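The values are calculated or read from the model by the stated rules, or taken from the named source; none is laboratory data. These numbers were taken from a predicted model, which means no experiment stands behind them. Using ideal geometry, Cβ is built from the backbone for each residue, glycine included, and neighbour counts are taken over all protein chains shown.
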Amino acid sequence: MKHFTRQICAALLLAALAHTSQAQPGNCRFTDAEALKNYLKPGQRATPLIMAHQGGTEDAYPGNSMATFERTYSKVPCVLLEFDVRATADSLLVISHDDELALKTNGKGLLSKKKWKDVSKLRLKDPYGSMTEHRIPTFQEVLNWSAGKNIVLIVDKKPETSITRTVQMLQGTGNLYKSVLICYSLEEAKLAHKLAPQLMLALGFSSAENIDSIEQSGLPLEQLVALTPRDMQEESFYQRIHNMSIASSFGTNGGIDTLQTTESRPLYQKIWDSGGADIICTDNPVLVQSIFYKKD
C-alpha cells in the first residue's frame with residue numbers, strides 16, 4: 001500500500017512539474033518562420049506573453065540600453081523585447097525612442113542631425129530624469145547580442161527609418177525568425193512582407209474600419225500581431241481579432257505601469273482575465289512576470 005501511495009505521489013509530482021514547464025515560456029528557440037508564428041498564435045496559453053517596452057524601465061533602468069536588455073532577459077523567460085530603431089545623420093541605425101536627444105540623454109538637438117561619433121558619447125537618463133553611465137547602443141550591437149538567445153525581438157522601426165536596411169540587418173544576423181517588425185501603415189507592412197515574406201509584422205488595430213482594411217490588404221493574417229488601443233474595448237473587438245488567428249497586444253506603459261504596485265497588480269490580472277490581451281506590453285516586465293509566473 002505504501003509503495004502504491006508513493007507511486008501516486010510521484011505521478012502527481014511529475015504532472016505538476018510538466019504543468020509548470022508549460023506555464024513558463026522559457027524554451028522558445030525559433031529556427032524557422034513557422035515556430036514563431038505558432039508560438040504567438042492566440043488562445044493556447046494560461047498566462048499572457050510579456051512584452052518589455054523599451055526593454056523594461058523599472059527599478060530606474062534607462063529604456064533602450066544594453067544593461068536594461070540584459071537585466072530583463074535574465075529575469076523574464078522568453079521575453080518579447082521591444083526597442084526603437086532610428087538613424088543618425090551618417091545613416092547608422094541606433095536604438096533610441098526619441099529623435100529629440102534632450103528627452104532621454106544629456107545631449108541636445110535631433111539624433112537624426114547628429115553623427116554617430118557625437119551620439120556615441122551621450123549618456124542615457126533613467127525614467128526619473130537622472131543621468132546614468134549607460135549609452136545609446138547601435139542596432140548591430142543589439143542584434144549581435146540577441147543572436148542565439150531565447151528571445152523575441154519586437155522591432156519598432158520608426159517611420160523615417162529604412163525598412164529595407166532594417167530587414168536586411170535582421171536577415172544578416174540570423175534574427176529574422178525571432179523578430180516581429182512594427183509597421184506604421186499598411187504600405188509599410190506590404191513592403192516589409194515583400195522584402196521578407198516569412199517575417200512577422202505588428203500593426204495598429206484601432207477600429208472596425210481599420211481591421212476591415214487589414215483583412216482586405218492581402219497580408220497573411222497569421223503572420224500579424226495586433227497592437228490594440230490603450231483603453232479596453234468591447235469583447236467583440238478582441239474576438240474578431242482572435243477569429244483571424246491574430247494575437248492582440250495591450251499596452252500598459254504610461255498607464256497602469258505608473259501606479260503603485262498594490263494598485264497595479266490586480267489591474268494587470270484584470271486585463272488578462274478579460275480575455276482581450278494575449279500580450280501585455282509593459283515598462284515593468286519583471287513585476288508582471290512575478291504576477292503571472294509565481295515561484296513555488
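A few comments on the model shown:
Results for (1) crowded, with 21+ Cβ neighbours inside 10 Å; (2) aliphatic (A, V, I, L, M); (3) within 17 Å of Leu203 (Cα to Cα), shown as yes or no for each residue.
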site: Gly251; (1), (2), (3): yes, no, yes
site: Asp257; (1), (2), (3): yes, no, no
site: Gln260; (1), (2), (3): no, no, no
site: Arg265; (1), (2), (3): no, no, no
site: Lys270; (1), (2), (3): no, no, no
site: Ser274; (1), (2), (3): no, no, no
site: Asp278; (1), (2), (3): yes, no, yes
site: Thr282; (1), (2), (3): yes, no, no
site: Pro285; (1), (2), (3): yes, no, no
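- All conditions in (1) assigned to a loop (DSSP other than H, G, I, E, B); (2) closer than 20 Å to Tyr184 by Cα; (3) hydrophobic (A, V, I, L, M, F, W, C) hold for Phe250, with the sole exception of (1).
- Any chance Asp59 is over 30 Å from Asn253 (Cβ atoms), within 20 Å of the chain's Cα centre (by Cα) and either modelled with pLDDT of 85 or more or not polar (S, T, N, Q) (or both): no
- Within the range 215-239, restricting attention to residues that are more than 23 Å from Asn253 (Cβ to Cβ) and among the aliphatic types (A, V, I, L, M), the residue that is nearest to the chain's Cα centre (by Cα) is Leu221.
- Among the residues making up the range 268-281, those that are closer than 17 Å to Glu234 by Cα and part of a helix (DSSP H, G or I) are Lys270, Ile271, Trp272, Asp273.
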